[in-house]
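Chemist: Following this message is one structure expressed as structure tokens.
The values are calculated or read from the model by the stated rules, or taken from the named source; none is laboratory data. Owing to the predicted nature of the structure, the values given are computational and were not obtained by experimental measurement. Quick reminder, even Gly has a Cβ in these numbers, built from the backbone with ideal geometry, and neighbours come from all protein chains shown. Note: accessible area is taken over every heavy atom of the protein model, side chains too, but ligands, DNA and RNA are not part of it. Shrake-Rupley method; radii C 1.70, N 1.55, O 1.52, S 1.80 Å.
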Amino acid sequence: MAETKNILLVGVGGQGTVLASKVLATGLISAGYDVKMSEVHGMAQRGGSVTTQVRFGDKVYSPIIGKGQADIIVAFEKMEAERWIDYLKPEGVVVANDHAVPSVPVLIGEAEYPKNVIEDLKAKVDITVINAVEVAKELGNIKTQNIVMLGSLVKALNLDNIDWEKVIGEVVKERFVDINIKAFNKGKELV
Amino acid sequence: MKKLLTGNEAVARGAYEAGVTLASAYPGTPSTEILENVANYKEIYSEWAPNEKVALEVAIGGSIAGARTLAAMKHVGINVAADPLFTFGYTGVNGGCIIISADDPGMHSSQNEQDNRYYARASKIALIEPSDSQEAKDFVKEAYEISEKFDIPILFRLTTRICHSKGLVEIDDRQSVPMKEYNKNIPKYVATPANGKKLHVVVEDKLKRLEEYSNNSSLNRFEWNDKKIGVITSGVAYQYAKEVFGDTVSYLKLGFTFPLPKAMIRKFADEVDKLYVIEELEPYLETEIKAMGIDVIGKEIIPNIGELNPDIIAEAILGKKSKTVEKNEDNVVGRPPTMCAGCPHRGLFYELSKKKNVVVTGDIGCYTLGSAPPLSTMDTCICMGASISAGHGFAKANEINGREGVKVFGVIGDSTFFHSGITGLVDIVYNKGNAATIILDNRITGMTGHQENPGTGYTLMGEPAEQIDIVKVCEAIGVKHIEKVNPLDLDQTKKAIEKAINTDEPVVIITEYPCVLKKSKQDEIDKYGLNRKECVVDSEACKECKICLKAGCPAISFEKGIGAIIDETMCVGCDVCLQICPFDAIKKVGE
Ligand SMILES: Cc1ncc(C[n+]2csc(CCOP(=O)(O)OP(=O)(O)O)c2C)c(N)n1
């Protein structure tokens, strides 16, 4: 009996968390897991904080989790990792994109973007920091940062037994499949 | 075959499989994707109505004609549709009809978290609550059977976590349901007082028979385990309870929740030692159960504010608190939603923000973000349509009480104007008001994710449609001062605002420019010149005055020693900042 695993993906509207979680869920289903997934839409396109929760196991009831329940947090933006860190199990892991998207209070000078987010997180949790934006840029399409992150997530959760290249081929638009497979494999190497 | 579907997709699939042929809705999170998905099934005529009342009335008409129909809306939409709803409860249906209410516990994107289960009881119609995507699909199909068997509309209540969570769903074929015959039936469908009196008697009788059904319905079930603890629950709260207690407690899982299965509840209460009710938001079940004289524990330990999750339940009932990693609040800055870079609403709000002695009665849409810093240019936001009418009331109250020198502006989006703004404008003209109205026509229903509306020239099914001309509507109402401006032209916008301030009669300003996220067709690209060049800051010329930051554009940041910085990947060249800069330090790329 496989215990239910909880994944929390966090980021900022427009970073592609939705597509990444779609690939993830499709892969997990192909491996025979029961999967539930929950995302909050609505204000996502307006630069707000976005989260997607993916839960998988033999039988999953709740589509969402509470604080202290995530086995892994995948943060597409580093301050978002801190915002959601109380959802992590103390023994859980974080994969964080070393990338800052300043929010409006920062842009208009009402607040300062925190300087030491990563250091602070390192001091309290098991965290892998990757630079998905750089990797995606090198691949020639910054938008693939979401699939770079997904690659790292798969590695961190030991989900290599699933044929992810096939899954990407099924979910992603045809002309973006190759570059996303590259992005995925790069992401895996980073963990 | 199994597919991973959201609750909204599953409802659409259920409607398809149940043989529905007509569906009408007005968008609203978290319900919007229901009709967007229904529209993918060509067998179903589907439409965006201008508001929820119209949507429900369309579904009612289709049902009386004999077709299986549905109307979908967010929870507050039911308030708008409440008038036909209550009388529809009396008349009943011909073809089956379900009304979908998507409630939003936790207010992910709503102005309140009302619990619409009460509407079923108040309007005397049946209530069904699925707890996941599979049930959403199955229960829709069952709902049509019940609706036709008992001649009653069904309130099909979803919540955000049902609508937007995905689960595996078994897919079936469409059942072809021939349209029912229509026979003129004045006593049933013409709700005059004389007929209404008789219909009220009929509906009370239907409810008695429905309670009997409820006690035998497959939508309500016992799950017997250890009987020391019993849990009565419905909707997504059932999933949370299962997550926490698994098979260690007994459940009465309710899917058909009005009329309640009182015999089942009594039996369950008799057999378990300790009884809990776990439900999200209001004590809807709990109050009814307590009124039966049954002792239950509910809202004294489970919050009626915000959404639930398994953790809240575990803590409330088991006193179990999960260990967490401590969050460093100093390292977290808020990330409120904001108008996009290039949003055409920005220019209008920037100019309005500079005016003293104006009151801005707002409305609901992306432009509500004009209330957020740094623009902070909004005084009220109540519900869709209230900008114009509440503005009129504000101005009239000032007038009668002798408060002078304040100009009231009602600001409203195009979709919202069609939804419920027109009647407010009629009120202003009819009753000689002087509140000004600004219609922010971004050529689409923006906030809910780009739905067509009566002004955009296309229908939900993608067909070209008559574009309802806002200027002509205002003219027909009798507004004498109507001006159309490009909100990205700050000078033009400012002049129009000033003119309105100095006019003591009804004024309408229409700011017309497409939403920056809209996928515009070529004619719009040409008409509005949408291929704009980005802006750049000439660091030499930048005096670090920070005035450009007052526009609140997410593409502009600031660094001491460098000055303003424009993120080239975000900028679309709307030129608002370029016009604001007092030192001409912002230029077009390549110029
Ligand atoms: C009664 C009701 N129905 C639906 C909604 C959901 N809703 C919020 S804003 C909005 C549309 C706004 O569109 P528009 O007026 O064109 O403004 P835009 O967002 O494009 O600026 C809708 C449908 C609501 N809040 N209340």
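Chemist: Six or more apart or on different chains, Cβ under 8 Å: which pairs go from a residue in the stretch B:392-406 that's closer than 21 Å to B:Val508 by Cα and of a type outside the set (Lys, Arg) to one that's at pLDDT below 95 and crowded, with 17+ Cβ neighbours inside 10 Å? Could you list them?
Modeler: If the second residue must be at pLDDT below 95 and crowded, with 17+ Cβ neighbours inside 10 Å, no pairs are left.
Chemist: Output yes when any residue across the stretch B:455-476 is within 11 Å of the ligand (Cβ to nearest atom), closer than 25 Å to B:Leu517 by Cβ and modelled with pLDDT of 95 or more, and no when none is.
Modeler: Yes, some residue in the stretch B:455-476 is within 11 Å of the ligand (Cβ to nearest atom), closer than 25 Å to B:Leu517 by Cβ and modelled with pLDDT of 95 or more.
Chemist: Tell me yes or no: at least one residue of the stretch B:171-191 is farther than 30 Å from B:Ile302 by Cα and either in contact with a strand residue (DSSP E or B) (Cβ under 9 Å, 6 or more places away or on another chain) or not assigned by TED's automatic domain parsing to the domain that holds B:Ala122 (or both).
Modeler: So far as the stretch B:171-191 goes, yes, one or more of its residues are farther than 30 Å from B:Ile302 by Cα and either in contact with a strand residue (DSSP E or B) (Cβ under 9 Å, 6 or more places away or on another chain) or not assigned by TED's automatic domain parsing to the domain that holds B:Ala122 (or both).
Chemist: Let me ask another. Within the stretch B:107-120, is even one residue without any contact (Cβ under 8 Å) to a residue 60 or more places away in the chain and crowded, with 24+ Cβ neighbours inside 10 Å?
Modeler: Yes, the stretch B:107-120 contains at least one residue that is without any contact (Cβ under 8 Å) to a residue 60 or more places away in the chain and crowded, with 24+ Cβ neighbours inside 10 Å.
Chemist: Report, by residue number, each residue of the stretch A:16-51 that is out of contact with any strand residue (DSSP E or B) (no Cβ under 8 Å at 6 or more places or on another chain), within 9 Å of chain B (Cβ to nearest Cβ) and either open to solvent by less than 30 Å² (accessible area, probe 1.4 Å) or at pLDDT 90 or above (or both).
Modeler: Within the stretch A:16-51, A:Lys22, A:Gly42, A:Arg46 meet the criteria.
Chemist: Turning to a different aspect of this structure: Which one is farthest from B:Ala15 (Cα to Cα) among residues in the stretch B:37-51 that are part of a loop (DSSP other than H, G, I, E, B) and open to solvent by less than 40 Å² (accessible area, probe 1.4 Å)?
Modeler: B:Asn51
Chemist: Taking the criterion of being in a strand (DSSP E or B), in contact with a Lys or Arg (Cβ under 7 Å, 6 or more places away or on another chain) and under 24 Å from B:Asn486 (Cβ atoms), would at least one residue in the stretch B:580-591 satisfy it?
Modeler: yes
Chemist: Which residue pairs have Cβ atoms under 9 Å apart, sit 6 or more places apart or on different chains, and have a first residue in the stretch B:548-565 that is facing another protein chain (nearest Cβ under 7 Å) and a second that is surrounded by 22 or more Cβ atoms within 10 Å (Cβ to Cβ) and hydroxyl-bearing (Ser, Thr, Tyr)?
Modeler: So the pair list comes out as B:Gly552/B:Thr338; B:Gly552/B:Tyr350; B:Pro554/A:Ser103; B:Pro554/B:Thr338.
Chemist: Answer yes if at least one residue in the stretch B:6-16 is open to solvent by 10 Å² or more (accessible area, probe 1.4 Å) and of a type in the set (Gly, Ala, Ser), and no otherwise.
Modeler: no
Chemist: In addition: Exactly one condition in (1) more than 27 Å from B:Ala372 (Cβ to Cβ); (2) at the interface with chain B (Cβ under 9 Å from one of its Cβ atoms) is not met by A:Gly13; state its number.
Modeler: (1)
Chemist: Separate question: Looking only at residues in the stretch B:317-371 that are open to solvent by 30 Å² or more (accessible area, probe 1.4 Å) and small (Gly, Ala, Ser), which one is farthest from B:Ala496 (Cα to Cα)?
Modeler: Here the answer is B:Gly319.
Chemist: Are there any strands (runs of 3 or more DSSP E) wholly within the stretch B:397-506 with 3 or more residues that are over 25 Å from B:Ile382 (Cα atoms), and if so which?
Modeler: It comes to B:481-485.
Chemist: Here is a follow-up. Among what's in the stretch B:53-77 and is assigned to a strand (DSSP E or B) and within 16 Å of the ligand (Cβ to nearest atom), pick the residue that is nearest to B:Ile382 (Cα to Cα).
Modeler: Only one residue tops the list, namely B:Lys74.
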